[in-house]
């Protein structure tokens, strides 16, 4: 693929009560234009990733609404795939560039969650659950708790082992000025935090977050040292409900999409120095490491505890941004935020959280309980 | 472009109280597979166009949910652009095939509207209006009434003239077994019908409808006589609110997208024998004829009254399906239904509503009050 990322933008993530969904998106879009040194007229199309604007705000046609900010009447598209909405928007943006229809396009992921009651947000997010799960009163912490229990039983992994994932991600987030949580935590803090859905506790769970992220990609030849290549973009789906799956300890959509992505990028997991994975819950990151081939089955938490995934001590750093856990999880924005983080890392612009010698990075964006998975592989070819 | 339509499916349109959104989509998907003589394993990806499943039903991730019906874990995407959601899904499906990422993909448009109160549907649809329009209590009939008033004043067109559009479309719909309304109407019927938003009356307005439509497109060489080529797919956007526009009597998004589409397909409006246009209101069809170059400015209703757009008497037949007015307007399905109708016509399979010698057709799908426009051009190359 001949696709370069040439601009990135990202708002601070957090409980941002004073700004609207449009404010957030516009800030990220403006930053991406500035970062790419492009003007609005240089953008051929806009792709928007967002999950909840319809469900929570009765807002449709967010593609055109955000394109107004660019002001040139370009094609504009809203795309949704639950918490993988950002990744899906990027995947389709890439196809539009590869097809020759567009040369330079912007992709923005945005979510405004905190203006709503917890009940409304929980119900809204369950829009990505199966009908049976909704009727049973399930919530996503509950659904991931099933996976955690199955994983712990299958591999003899403990709650303390899973807690190490949140500890690592908060450590990384402490270096990230845009993260929702910039404090470090201990295994003991995780263990003492409130039970949400046994065995998951508050500090196993990603938060409710407002935020936006944007990138600009192009097929044009670019000489800038800021250019980062996208070498694979692959998607796969699975049943919406957990009950349709043959295992709870691996997500087939991730395995399928990752296999295709490695093949397309002509790499193996060993070639990767850095990854942003979809740690909506601690258990989700453990399973991700294994489905992506970073760790052997059942070994993810052991590798994390040994420091192999941590900045400063590791060889394959996972979630240097702080991940969904510490950086925050504005659901439609997350998939694009992952790309912003990898781009900054691969450019060598990540400041205090810079991963040394990062040349190849992977982004893993998941919707629902593994219903849809989007894998992107980025490379610094310079 | 080397893209062929090789399968079509469509449910009956109407108030279909006994079937769900999933039932509707599945029926159209199954029909498209059967019509193409393909198996689920032959489909590389699924693109879903829908506007209201989140707003009305709290349903997210409809892409993956519908992909479960195919059952092979393929990439699946939900795309929304108000009443142009179907066209937008097709546009992006085409890019994915042109990019080489996929060879054969299914596009389904679906909407289930009648399970909700009129107030909820009106509020949901206003999700595609501007914030100022919503705050002012505007509705889409009201917004299009502004356009109608401006058009009538600018060109000296009367309410009776506009009524001829609904009369034509009901005449066409009377031949369509899948249409919501299969009865003919007269100018007098339109004039006597209840005022909705002056000068628009009930019979100037498209109805609330349930329905689904699906097509299968491919880049593979196909020898089947059922193959129809897509020769252009173009999109443009405009301000969400009417107040941002320099005119109410032309939609710049349509003019831009049509200009690009004619250029891409290497045709002029004179080469077209058949078109499905977005007649959400009678005035919308009048403006469409002019923005698309079928009639001179202000002349659309005159041409319609003279029979130039009617099956049997016309040279460029518009809305042979009955259009949104008579066939019905399940908003996310409409853009795909237009393609199904054109495909059947260009194949010569349209039965009692067959347009003679139809070789080139155009589909015009619009979101909001002209906020986004999608133009597709289809051709029978055999």
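The values are calculated or read from the model by the stated rules, or taken from the named source; none is laboratory data. In this text, all values refer to a predicted model and were calculated from it rather than measured experimentally. Ideal geometry is used to build each Cβ from the backbone, glycine not excepted, and the neighbour counts take in all protein chains shown.
Quick notes
- Residue within the range A:33-42 that is touching a residue at least 12 places away in the same chain (Cβ under 8 Å) and closer than 18 Å to residue B:332 by Cβ present: no
- The condition of being surrounded by fewer than 23 Cβ atoms within 10 Å (Cβ to Cβ) and at the interface with chain A (Cβ under 7 Å from one of its Cβ atoms) does not hold for residue B:102.
- Checking each residue of the range B:285-297 against the condition of being farther than 14 Å from residue B:169 by Cα, out of contact with any helix residue (DSSP H, G or I) (no Cβ under 6 Å at 6 or more places or on another chain) and touching a residue at least 12 places away in the same chain (Cβ under 8 Å) gives at least one match.
- Residue satisfying all of: in the range A:62-75; touching a strand residue (DSSP E or B) at 6+ places or on another chain (Cβ under 6 Å) and in contact (Cβ under 8 Å) with a residue 12 or more places away in the chain; nearest to residue B:87 (Cα to Cα) among these: A:75
- Single residue of A:140, A:181 found to be within 30 Å of residue A:299 (Cβ to Cβ) and within 14 Å of another protein chain (Cβ to nearest Cβ): A:140
- Condition met for residue B:46 (touching a helix residue (DSSP H, G or I) at 6+ places or on another chain (Cβ under 8 Å) and in a helix (DSSP H, G or I)): no
- Set side by side, the residues A:196, A:94 differ, and just one is touching a residue at least 12 places away in the same chain (Cβ under 8 Å) and surrounded by fewer than 23 Cβ atoms within 10 Å (Cβ to Cβ), which is A:196.
- Among the residues here, residue A:51 qualifies as in a loop (DSSP other than H, G, I, E, B) and buried (at least 23 other Cβ atoms within 10 Å of the Cβ).
- Scanning the range A:46-55 for residues that are farther than 16 Å from residue B:91 by Cα and more than 9 Å from every other protein chain (Cβ to nearest Cβ) yields a total of 2.
- Residue selected from the range A:124-144 under the condition free of Cβ contacts under 8 Å to residues at least 60 places away in the same chain and under 22 Å from the mean Cα position of the chain (by Cα), by the criterion farthest from residue A:202 (Cα to Cα): A:126
- Condition check for residue A:119: more than 10 Å from every other protein chain (Cβ to nearest Cβ) and part of a helix (DSSP H, G or I): yes
- Filtered residues of the range B:60-73 (kept if crowded, with 23+ Cβ neighbours inside 10 Å and either under 26 Å from residue B:232 (Cα atoms) or within 7 Å of another protein chain (Cβ to nearest Cβ) (or both)): B:60, B:61, B:63, B:64, B:65, B:67
- Set B:223, B:194, B:246: member being within 14 Å of chain A (Cβ to nearest Cβ) and more than 21 Å from the chain's Cα centre (by Cα): B:246
- Just one of the listed residues (A:219, A:237, A:224, A:229) is crowded, with 24+ Cβ neighbours inside 10 Å and either under 28 Å from residue A:97 (Cα atoms) or in contact with a strand residue (DSSP E or B) (Cβ under 6 Å, 6 or more places away or on another chain) (or both), and it is A:237.
- Criterion violated by residue A:232 - all others in (1) in a helix (DSSP H, G or I); (2) within 13 Å of chain B (Cβ to nearest Cβ) satisfied: (1)
- Residue match in the range A:74-91 (condition: assigned to a helix (DSSP H, G or I), more than 9 Å from chain B (Cβ to nearest Cβ) and modelled with pLDDT under 95): no
- For the range A:17-42, filtering for residues that are part of a loop (DSSP other than H, G, I, E, B) and under 21 Å from residue A:344 (Cβ atoms) leaves 2.
- Qualifying positions in the range A:156-175 - closer than 21 Å to residue A:369 by Cβ and surrounded by fewer than 19 Cβ atoms within 10 Å (Cβ to Cβ): A:159
- Among the candidates B:257, B:261, residue that is touching a strand residue (DSSP E or B) at 6+ places or on another chain (Cβ under 7 Å) and within 11 Å of chain A (Cβ to nearest Cβ): B:257
- Residue in the range A:145-160 that is touching a strand residue (DSSP E or B) at 6+ places or on another chain (Cβ under 7 Å), assigned to a loop (DSSP other than H, G, I, E, B) and either farther than 30 Å from residue A:6 by Cβ or at the interface with chain B (Cβ under 9 Å from one of its Cβ atoms) (or both) present: no
- From B:370, B:335, residue being within 14 Å of chain A (Cβ to nearest Cβ), buried (at least 24 other Cβ atoms within 10 Å of the Cβ), in contact with a helix residue (DSSP H, G or I) (Cβ under 7 Å, 6 or more places away or on another chain) and over 22 Å from residue B:46 (Cα atoms): B:370
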